[in-house]
Amino acid sequence: MLDRPALKAIIALPLLQGVGLRRAKELIRHYGSAEKVLEEDHSLEGVQTALARAEKELQFIEKHHLSTYYFEDEDYPRRLAQCPDCPILLYGKGNILPNEGKFVSVVGTRSPSDRGKQLCRELVSDLAQKVPDVTIVSGLAYGIDVTAHRAALECGLPTIIIPGHGLDRIYPAMHRQVAIDSLAKGGILTEYMSETEPVGPNFVARNRIIAGMADAVVVVESRVKGGSLITADIAFSYNRDLFAFPGRPSDINSAGCNRLIKYDQARLIECADDLIAAMRWQPKQPDDNAYQTSLDQLFVDLEPEQRHLLDIMRGYEDGVHVNTLVAETHMPYAATSALLFEMEMRGMVRSLPGGLYRAIK
C-alpha cells in the first residue's frame, strides 16, 4: 500500500519534461523509488510544477475514493504487469479484482451487424453459464464494446471498462449508465489522470491495457482497419490467446476477423465452447436440482406474454422462427423481439441461427 508521499511522487515523475513511461520505469528501478528519483536526480526540470499537479490529482483521488494500482505492487493486474509497456500507475473506480478468475477482452467494430451483436451476447451469456469466474474487459465504445459490457451486466459477470480518459468523465456520455452499473461488480480502470480529454491517441494507447489484462482476446466483428485490430495486434505481440469469429468473404464487418484467421494470428471460434476448449478451461458442470430450482424461480416472475411464448416454443423441439411467434401471439415484431431478448438474458430461451428460438426446458 503506497503512502501519500510515495503516490504523489509516482504521479509526478512521468509529468516531467523528457521523462516518458520507459524512462520513468528505468529511473525508479535505478534509484529504488519515485521519491528518490525526485530527490536525487538533479538533472530533472520542473519538479515543483509536477508535484503541484500531482497534489491536485491526489485530492481528486481522495475526494472520489479512487483506487490506485502501482506496477510493482501485488494488487496491480498481474497479466498486464508482464507487458513491457504497462502503465506505471492505474486509477480505478468500483469493485475491481484484477487478479481473480479468468479475463476475456471482447472487442470489435463500432458499427456491428445484428449478427455481430447477437454473437457477442451469446458469447458472454454462455461464458457466464460455463465459466462463471470470468471477467469481461472492453473499452465502452459504441458497438461491440458496449454490447459486451451490457451482456456481462445482464448475466451478473464482472466487467471492467478501460477508457481513453480520466475518471472525471465518461465517454461516450450516452454510455454513462453502463459505466455506473459496472461499479457494483467490476468498474473502470484507466492510466489517465483527471482532466485528460478523450482524444484519439489515448484510445489507441489504452488498447494495450485491454489486450494486456486478458487471458484471451476475442474479436467479434472488425473491418480491415480500426481499433479492434490494433488491440488484436497488440495481443498477438503479447503472446495472448487471440480469437475471432469468421464471416462471409463479402461481409465488410468481418474482413478484419477473416484476415486475422487467414494469417494465423487468431484462432477461429463459432461459440463460447470453442473458446473454453481452446483455453482448456474446465466448464462448470450443471447441478440438475439447482438448475431446476433456478428455472422455477425465473418462471415465477414471468409476464403473461412470456409464458405464452414459452408455451408455444415448447411445441417446437428444433426451434421456432420469430415470425412464427409473431403470427401465433398476434404481438408486434418489436415487442416479441424485446421479450425474447429479455428471456434469453435470463436463461429461459436460446437463440439459434436463422432467427430461430428454442425454450430451455
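Bear in mind that the values in this text are calculations on the coordinates, not laboratory data. Computed from a predicted structure; not experimentally measured. Cβ atoms come from the backbone with ideal geometry, glycine included; neighbour counts cover every protein chain shown.
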(message) Could you give each residue of the range 153-170 its phi-based ³J(HN,Hα) in whole Hz, using Karplus coefficients 6.51, -1.76, 1.60 with θ = phi - 60°, and x for Gly or Pro?
(response) 4, 4, 8, x, 8, x, 9, 10, 9, 10, x, x, 7, x, 8, 9, 7, 10
(request) Over the range 1-62, consider all pairs of different Cα atoms and compute the Kirkwood hydrodynamic radius from their mean reciprocal separation; express it in Å, one decimal. (result) 11.5 Å
(request) Please compute the net charge surrounding Ile11, taking Lys and Arg as +1 and Asp and Glu as -1 over other residues with Cβ under 14 Å from its Cβ. (result) -3
(request) Measure off 7 Å from each Cα along the Cα-to-Cβ vector at Asp264 and Ala184, then give the distance between these two points in nanometres to one decimal. (result) 4.7 nm
(request) Calculate, in whole percent, how much of the Cα-Cα pair population of the range 138-194 lies beyond 16 Å. (result) 32 percent
(message) Can you classify the range 20-93 as rounded, prolate or oblate using the Cα gyration tensor, where a ≥ b ≥ c are the square roots of its eigenvalues, rounded means a/c under 1.5, and otherwise it's prolate if a/b beats b/c and oblate if not?
(response) oblate
(message) Between Glu317 and Val204, what is 0.36 nm times their sequence separation minus the Cα-Cα distance? Round to one decimal in nm.
(response) 36.0 nm
(message) As I understand it, the dipole of the chain uses +1 on the Cβ of Lys and Arg and -1 on the Cβ of Asp and Glu, about the Cα centre. Which of Val137, Gln282, Gly256 lies farthest toward its positive end?
(response) Gly256
(message) Give me Rg/Rg_expected for the range 167-294, where Rg uses Cα atoms only and Rg_expected = 2.2 N^0.38 Å with N residues.
(response) 1.27
(request) Mind checking the range 147-232 for GluC sites (Glu not before Pro) that DSSP puts in a loop (not H, G, I, E or B) and that have at most 14 other Cβ atoms within 10 Å? (result) Glu195
(request) Looking at the chain, send over the antiparallel percent of its DSSP beta bridges, to the nearest 5. (result) 45 percent
(message) Just to confirm my numbers, what's the Cα centroid distance between the range 38-79 and the range 90-137 in Å?
(response) 30 Å
(request) Give the span of the chain's Cα atoms along each principal axis, as three whole-Å numbers ordered largest to smallest. (result) 79, 44, 36
(request) Convert each backbone phi in the range 347-359 into a coupling constant with the Karplus relation 6.51 cos²θ - 1.76 cosθ + 1.60 (shift: θ = phi - 60°), then list the ³J(HN,Hα) values in order as whole Hz, x for Gly and Pro. (result) x, 9, 9, 10, 7, 10, x, x, x, 8, 9, 9, 6
(message) Charges at C-beta only: +1 for Lys and Arg, -1 for Asp and Glu. How large is the resulting dipole of the range 1-90 about its Cα centre, in Debye rounded to 20?
(response) 260 debye
(message) Taking loop as defined by DSSP and a crowding limit of 16 other beta carbons within 10 Å, which trypsin sites (Lys or Arg not before Pro) in the range 199-242 fit?
(response) Lys225
